[in-house]
Every structure is written in structure tokens, then in C-alpha cells.
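Everything on this sheet refers to the single structure shown next.
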Amino acid sequence: MATDRETSGPPRSARYSSSGPTGQRRRRPMGRGARRRVCAYCGDKAAHIDYKAANQLQNNISERGKILPRRATGLCARHQREMAVAIKRARFLAMLPFTSEQRHRS
Ligand SMILES: [Zn+2]
């Protein structure tokens, strides 16, 4: 039963690389009456997403100009939808990119 020597493998712990739009993960709050984290616009009374505020909308698109999913934005369903509409409007007004501006032309 005695194992004399363990075969030492490569360490598996060094896999994590911090690459992501949000470096930290949301913790699930434990306990009773834990407040759900509401989205940034629900907390605000002026819960209206302005399509003209392009720099606000920019937080919710990726580098390639794609709308980030709710997981990344942390918005509620209602405001995520509003955000998506606002981004699309802003795109039409050329305030946000449809795609990334880098083009590989040769
Ligand atoms: Zn909301």
C-alpha cells in the first residue's frame, strides 16, 4: 500500500491568466436577504440610457464594436435591451463603430 515515490507532474496551478474585460468575478453574496446587485441604471433614478452619450455606451461594447453580453455588462434585462438599442442608434449616427477600425488591406 505504501507508495514510495510520487511521480511529480507539472504544476497545474499556473494556468490562470488575468485576461478579460472585467478582471474580477462577481461574488455571490451569501446569507439571508442578500441584495442582488442591480445594474448601474437601475440604481439611478434617471433610468434612461442616452444614445448620445457615446462614451457611456462604449463601456458596453467590445474592442471590435460588439455589444457585450449581460454577463459582461452586469445590466438587468431591461437596461441591457435599452443599452443595445442605444448602441445601435449611436452606430447609425456614427458615434460608435459597427466594427473595429483596423483593416487589413494588402
Ligand atoms: Zn436596470
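Read-outs throughout are calculated quantities, based only on the coordinates presented, and are distinct from any laboratory measurement. Keep in mind the model is a prediction, meaning the values are calculated, not measured. Every residue, glycine as well, gets a Cβ built from its backbone with ideal geometry; the counts of neighbours run over all protein chains shown.
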Neighbour net charge for residue 54 - beta-carbon separation under 13 angstrom, K R +1, D E -1: +3
Test item: Cα-centred dipole of the range 45-106, Lys/Arg +1 and Asp/Glu -1 on Cβ, debye: 180 debye
Those lysines that a straight Cα-Cα span of less than 21 Å connects to residue 88, excepting residues fewer than 8 apart in one chain: 52, 66
Derived scalar couplings ³J(HN,Hα) [the range 80-94; Karplus, 6.51 cos²θ - 1.76 cosθ + 1.60; whole Hz; x for Gly, Pro]: 5, 5, 5, 5, 5, 5, 5, 5, 5, 5, 5, 5, 5, 7, 6
Cut-off under 5 Å, modelled amide H: who pairs with residue 61 long-range: 68
Label-to-label distance, nm, for residues given as residue 98 and residue 58 (7 Å Cα→Cβ offset): 2.1 nm
